[in-house]
Each structure stands twice: as C-alpha cells, then as structure tokens.
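The values are calculated or read from the model by the stated rules, or taken from the named source; none is laboratory data. Just so it is clear, the model here is predicted, and its values are computed rather than measured. Using ideal geometry, Cβ is built from the backbone for each residue, glycine included, and neighbour counts are taken over all protein chains shown. Surface areas here come from the heavy atoms of the whole protein model, side chains and all, with no ligands, DNA or RNA. Shrake-Rupley method; radii C 1.70, N 1.55, O 1.52, S 1.80 Å.
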Amino acid sequence: MMKGSVLEALEELRQAFPENVVAEEDGEGGAYVKISDVALAEIYVQPNTWVGFRIPFQYPQADVYPHFVRPDLARRDGRPLGEAMTSSQWRSDGAIQISRRSSRRDGALETALIKLDKVIEWLRRRP
Amino acid sequence: MRVEAVIAEHHWDKLFRHMFPGDHDEHGAVLICGKATTPEGLRLLVRDVVLAREGRDYVPSPRAYRMLTAEFVRRNILRCRAEGAVYLAVHCHGGSGTVAFSSWDLESHERSYPALLDIADQPVGGLVVAQGAVAGDIWFPDGSRVDLDRLRVAGTSITDFRAHALPADVAQDMRYDRQSRLFGDRGQMILRQLKVGVIGVGGVGSLVVEYLARLGVGSLVTADPDRVELSNLSRLVGASRADVGMTKVEYARRLATSANPEIAYTGLCGDFVDQEIAAHFLSCDYLFLAADSMQARLVFNAAVHQHLIPGMQVGSKVQIDRNTGDVTDVFSVVRRVVPQPGCLLCNGLIPPKALQEESLSDTERAAQRYVDDEDVVAPSVITLNAKGAAQAVDDFVFGVTGLKRHTQEPQFSALYSHSLNNNIRKDRWRYSASCPHCSSSTTSRRGKGSDYELPTRIRC
C-alpha cells in the first residue's frame with residue numbers, strides 16, 4: 001500500500017517514462033522505483049543505465065535521495081567517475097550511488113520526476 | 001450524533017469583526033468547512049471565512065430582516081461541492097451569553113437547505129452568533145438534523161461558545177484549591193474536560209505528563225515506542241531502577257495516575273508516525289510534541305493544521321564545536337504550533353534531508369555511508385528539559401483557562417532559553433503563502449480533516 005502522494009509521483013514518472021517504470025512498495029507507504037533504459041552521454045562506455053531510487057512515505061516533504069545507477073558504469077577516457085559518485089548497493093544489487101541533495105528543496109515544486117531529471121542531466125553533463 | 005465546529009483564532013477574529021463592527025446591525029458570512037470524524041462525533045473544521053458584503057451579498061429580505069443573495073449562496077455551495085466541503089451560513093443577533101434561531105431563520109433553513117444538500121452532497125447548516133454565544137443547525141444528506149454542540153475557537157487560547165453558557169459543575173476538590181483561586185471553578189472544569197496528547201514520554205514528555213496530571217487535565221493520550229533504560233533515570237521524573245525494562249507509556253501511566261487517580265489515561269506503545277497510533281491523537285484538544293524525530297514533527301505539524309488542534313513543540317539542544325569539543329550553546333525551545341499561518345514546515349524546521357535520512361533502515365544507512373552529525377547531541381539534563389516543559393505547560397494552561405488571550409502582546413512563536421548566558425529569545429513565525437500545511441492555498445491541508453491523508457507511515 002502506498003500513500004496518495006507517492007502514487008501521484010509514480011503517475012507523473014510513468015507519464016514521462018512510459019513502460020520503463022517499475023515500482024515496489026517499501027512496506028511503509030513509500031516506493032522503490034527503478035527506471036530502465038535511461039540514455040547516457042557519450043562520455044560513458046555504456047549507452048544507457050537504469051536509475052533506482054526510493055520515494056519515502058513522507059514525500060513530498062522528504063527529499064528523494066540518493067539515486068543509483070548500474071554498477072559497471074565507466075568513462076570512455078578511463079578517468080574515475082568523480083565527485084558524488086561512489087560504489088554502493090541498491091537494495092540487494094551493486095550500484096553506483098549518485099549523491100545529489102536538494103539544498104533548498106520545495107516539495108511543492110521539486111517532484112520526484114523533476115529531481116530525477118536533474119540527476120540525469122547532471123550525469124550526462126559530467127566533464 | 002454530537003457535532004461541533006472548530007475555527008482558528010485568526011478566522012474567528014475576521015468573522016467577529018465583520019459580525020460586530022459596532023453598528024448593532026445584522027451581518028452575514030459563509031464558512032467553508034472540512035470534516036473530521038472522532039469517537040465523540042463529527043467536527044466541522046473551518047477552512048475559509050467568506051464575508052457577505054453589505055448591500056451586495058447580504059440584502060434586505062422580503063420574509064426576514066436580511067438574507068444572503070442567491071448568487072452568493074450559489075457561488076459558495078458550488079465551491080463546497082467542488083472541494084467536498086461543508087457549507088455553513090452565519091449571521092448575528094444581538095444580546096449576549098445566549099442565542100437562538102428566530103422562527104424566520106428556521107423557516108429559511110426549511111426552504112433552502114434541502115436544495116443545498118442536493119447540490120453539495122455534504123452536510124450544510126446555519127450558525128447564529130451573539131456576543132459570547134453560538135447556536136447551529138446542521139443538516140445531513142441522509143435527512144437527519146442536529147443542533148451544534150459548540151463552536152471552538154482554537155489557537156493560543158481555546159474558547160468554546162455554545163447556545164447557552166454551561167454552569168460551572170465542579171465539586172470543590174481540595175487538591176486544586178490553590179490553583180483554582182487563579183483559574184476559578186470554571187477554569188478547573190475546563191482542564192478536567194480537556195483531552196491532551198503527549199507525543200514522546202522521555203525527559204521532556206515525562207515532565208509534561210506530570211504537570212498536566214497535577215493540573216487536573218481530565219484525559220491524557222501518550223505515545224512512545226521505547227522502554228525505560230538505566231541511562232534514562234536521570235531524566236525521567238519519578239522513575240527508579242524498578243522501572244527499567246517497563247514501557248515508557250506504562251511508566252507514564254503510573255506517573256499520571258499517582259498525581260490524579262481520576263485521570264483517563266491512554267498509553268500507546270508505538271511510534272506516533274505510524275498511522276494507527278497518530279489516529280488516537282486526532283480527537284485531542286491540544287498536543288504536546290516531546291519527541292525528537294523530524295518524522296514526528298511533520299505528522300504533528302500536519303495534524304495541527306489539518307485538524308485545527310493547537311499544540312506545542314518542546315525540545316532542547318546542546319551544540320558542540322566539532323573542532324574543539326567545546327559546548328558552544330545549550331538551550332531549551334518551546335514552539336507554539338497553532339492553526340494559523342506560519343508553522344514548523346514553512347519556517348524550515350523540518351528539513352527534507354532529515355526526513356529522508358530517518359526513513360532509511362540501518363542497512364541502507366550503512367550502505368549509503370551516513371555519518372551522524374556530531375555537532376548536535378541529544379541533551380540529557382533534567383533541568384534543561386524542565387525549563388522547556390514548564391514554559392510549554394504554563395503557556396497551555398493560561399491559554400485554555402482564558403487568562404491569556406491571543407490578543408495580548410507580545411506573543412511569541414518560539415521561545416529559546418539559553419542556559420550558558422541566561423538569554424531568553426523570542427521568535428515570530430515567518431509565513432509562506434504556498435505552505436502545504438498552513439497556507440490558505442486550496443492545495444494546502446489546512447482544515448481538511450479526515451478527507452486528507454496525514455503524512456504517516458503505513459505498516460504493510
């Protein structure tokens with residue numbers, strides 16, 4: 001069972017990523033969400049990744065953070081992935097954790113979709 | 001079924017000034033209300049006050065003295081239908097201390113309310129107000145009709161208005177002799193009739209429970225998931241080694257009933273953030289938040305504004321310089337959270353980061369490498385807790401017994417008492433016009449009662 005605010009966030013995500021969204025209840029009214037086939041920029045070896053994150057039951061006041069991507073993500077130039085990206089775990093799988101907090105978050109304006117878009121854009125624009 | 005209405009102080013001020021501008025004439029308005037179902041009955045929660053403009057919305061009537069125009073009624077009943085809200089028409093009479101509908105008033109209800117019920121598919125009704133008295137006639141879609149039990153004005157003070165003033169029904173109880181010389185028999189009766197929620201029965205909460213019980217509050221609801229530990233004994237008032245291992249709510253039961261054997265006490269061993277625990281607090285008249293989680297703050301803040309229940313958040317903090325280890329500040333804080341613009345959320349006191357971190361399991365925290373903030377440690381001093389608890393309960397008791405009125409200045413939203421330099425600092429709330437808890441925005445949860453989800457945890 002998910003909170004109404006979480007269901008609204010999922011609906012917005014599904015409209016933006018049709019057929020690419022998988023959501024599971026987290027047991028508290030929130031959801032674990034995984035978006036598949038997210039296109040990456042050419043700086044990476046891999047053309048795409050999945051993105052996983054949790055929407056807490058107190059969303060939208062609670063931040064949606066961190067986000068996780070495929071564990072084998074690598075740069076074509078061989079350099080380390082860089083700041084805010086660390087080896088971690090998403091649920092039971094290995095993953096790269098992307099730690100992009102929203103410092104002045106307004107829950108009414110920054111939906112889970114908007115936050116996801118920001119993270120994906122940041123990932124694509126890495127130098 | 002018992003039906004009461006609750007209106008926030010600032011809305012009551014707006015309505016009262018419109019009804020009684022000093023011209024001794026009749027004036028009208030409409031109240032847009034949410035609903036909340038409690039064990040005691042139904043609460044109508046005023047979300048908005050729409051004043052009827054003289055000569056445009058409120059005009060001479062061919063059948064009575066004045067009436068709301070058809071267009072004004074239509075506009076507001078359609079709004080109620082769209083919002084799932086209750087429509088209450090209000091007008092005023094002269095006199096004081098007692099009020100009743102005239103025969104013309106009741107005839108107009110008979111003529112118009114059936115049609116309004118059809119349109120809104122929600123309860124509708126009328127209120128008539130006089131100085132110090134309010135009567136109400138509430139109609140329901142199932143055809144039933146109930147007199148309003150009371151109109152409560154909820155804020156820094158709590159005032160109840162009925163059609164007729166109740167007699168003070170207090171057998172003299174020598175336990176309260178000294179304090180009733182200040183509060184009066186009626187004030188003591190008010191305390192006995194109140195149901196107060198205390199969220200968290202740790203160092204601060206145990207003191208709040210003690211004070212409320214000794215003051216003669218009639219009913220207490222407490223929630224805390226923890227058990228008494230040896231390390232708690234320096235802060236839990238009246239606790240001993242024999243209490244170690246007991247649930248904190250059971251320890252608090254002994255505390256409360258020792259002080260007042262007649263008190264009705266409900267102790268919930270669980271987390272206030274959980275939906276089924278929070279539900280027990282929604283029929284309270286006042287809330288004290290003495291738990292230190294941000295998740296609890298969010299639910300408490302939402303409950304205050306959604307159900308129009310005034311409250312107080314109490315805590316204390318010790319700040320340490322991360323580099324030197326020196327204690328840089330020690331303070332207790334009392335924050336009034338009442339159903340009016342300005343709240344914990346729009347004043348940045350419920351950080352999104354903290355809410356997210358508190359939602360993590362221990363495994364997730366370890367995997368994501370969270371490090372506790374070493375700048376701030378949980379205070380552990382009973383005297384610090386006592387400062388905050390005493391200020392909070394003091395403010396509560398003088399507010400609910402009518403000795404402190406919200407119009408008296410200066411008022412504070414937050415009171416900080418600093419121990420190292422003995423400074424007292426008062427803050428006043430900022431207010432965000434888009435706050436999802438306390439603003440007048442149609443998307444805010446203010447006054448929506450049971451028709452809106454609280455940000456509680458659902459255990460699946």
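Please enumerate the residues belonging to region A:45-65 that are away from chain B (no Cβ under 12 Å) and aromatic (F, W, Y). Correct list: A:W50 only.
Filtered by the rule that a residue be touching a helix residue (DSSP H, G or I) at 6+ places or on another chain (Cβ under 7 Å), part of a helix (DSSP H, G or I) and over 16 Å from B:K35 (Cα atoms), region B:104-140 gives B:L116, B:I119. For region B:25-37, filtering for residues that are surrounded by 17 or more Cβ atoms within 10 Å (Cβ to Cβ) and either of a type in the set (S, T, N, Q) or assigned to a strand (DSSP E or B) (or both) leaves 9.
B:R459 meets the stated requirement of being open to solvent by 70 Å² or more (accessible area, probe 1.4 Å), within 14 Å of chain A (Cβ to nearest Cβ), within 18 Å of A:V6 (Cβ to Cβ) and of a type in the set (K, R).
In region B:151-243, counting only strands (runs of 3 or more DSSP E) that sit wholly within it, the ones holding 2 or more residues that are closer than 24 Å to B:A392 by Cβ and at pLDDT 95 or above span B:195-199, B:219-223. Residues that are of a type in the set (S, T, N, Q) and away from chain B (no Cβ under 14 Å) within region A:1-44 comprise A:Q15, A:N20, A:S36, listed in sequence order. You will find that of A:S88, A:S102, the residue that is assigned to a loop (DSSP other than H, G, I, E, B), open to solvent by less than 40 Å² (accessible area, probe 1.4 Å) and at the interface with another protein chain (Cβ under 10 Å from one of its Cβ atoms) is A:S102 and no other. Restricting attention to region B:386-403 and to residues that are among the small types (G, A, S) and within 21 Å of B:V330 (Cβ to Cβ), the residue that is farthest from the chain's Cα centre (by Cα) turns out to be B:A386.
In this structure, A:P60 does not qualify as part of a loop (DSSP other than H, G, I, E, B), open to solvent by 20 Å² or more (accessible area, probe 1.4 Å) and within 18 Å of A:L40 (Cβ to Cβ). Filter region B:352-363 down to the residues that are more than 8 Å from chain A (Cβ to nearest Cβ) and part of a helix (DSSP H, G or I), then identify the one that is farthest from B:L298 (Cα to Cα). Among those that are more than 8 Å from chain A (Cβ to nearest Cβ) and part of a helix (DSSP H, G or I), it is B:T363.
If you filter region B:189-216 down to residues that are among the β-branched types (V, I, T) and within 16 Å of the chain's Cα centre (by Cα), you find that the one that is nearest to B:C269 (Cα to Cα) is B:I199. Criterion applied to B:R81, B:R63, B:R43 was being charged (D, E, K, R) and in a loop (DSSP other than H, G, I, E, B), and the one residue passing it is B:R63. Could you list, ordered by first residue, the pairs with Cβ atoms under 9 Å in which the first is in region B:208-234 and free of Cβ contacts under 8 Å to residues at least 24 places away in the same chain and the second is open to solvent by less than 40 Å² (accessible area, probe 1.4 Å) and assigned to a helix (DSSP H, G or I), at least 6 apart or interchain? Sorted first by the residue in region B:208-234, then by its partner, the pairs are B:R227/B:K248; B:R227/B:Y251; B:V228/B:D243; B:V228/B:K248; B:V228/B:Y251; B:L233/B:D243.
Within region A:70-85, the residues that satisfy the criterion of being within 14 Å of chain B (Cβ to nearest Cβ) and either part of a helix (DSSP H, G or I) or at pLDDT 90 or above (or both) are A:P71, A:M85. Based on this model, can you work out whether A:V6 counts as under 30 Å from B:V273 (Cα atoms), at pLDDT below 95 and outside any strand (DSSP E or B)? No: the conditions fail for A:V6. With respect to the conditions (1) part of a strand (DSSP E or B); (2) at pLDDT below 95, B:V49 lacks only one, and its number is (2). For region B:294-347, the set of residues classified as modelled with pLDDT under 90, of a type in the set (S, T, N, Q) and surrounded by fewer than 23 Cβ atoms within 10 Å (Cβ to Cβ) consists of B:Q319, B:N323, B:T324, B:T328, listed by residue number.
When A:D72, A:D26 are checked against the criterion of being more than 24 Å from B:P352 (Cα to Cα) and more than 15 Å from the chain's Cα centre (by Cα), a single residue qualifies: A:D72. Scanning region B:420-444 for residues that are surrounded by 18 or more Cβ atoms within 10 Å (Cβ to Cβ) and away from every other protein chain (no Cβ under 11 Å) gives B:W429, B:C438.
In summary, A:T49 fulfils each of the numbered conditions (1) of a type in the set (S, T, N, Q); (2) surrounded by fewer than 20 Cβ atoms within 10 Å (Cβ to Cβ); (3) in contact with a strand residue (DSSP E or B) (Cβ under 7 Å, 6 or more places away or on another chain) with the single exception of condition (2).
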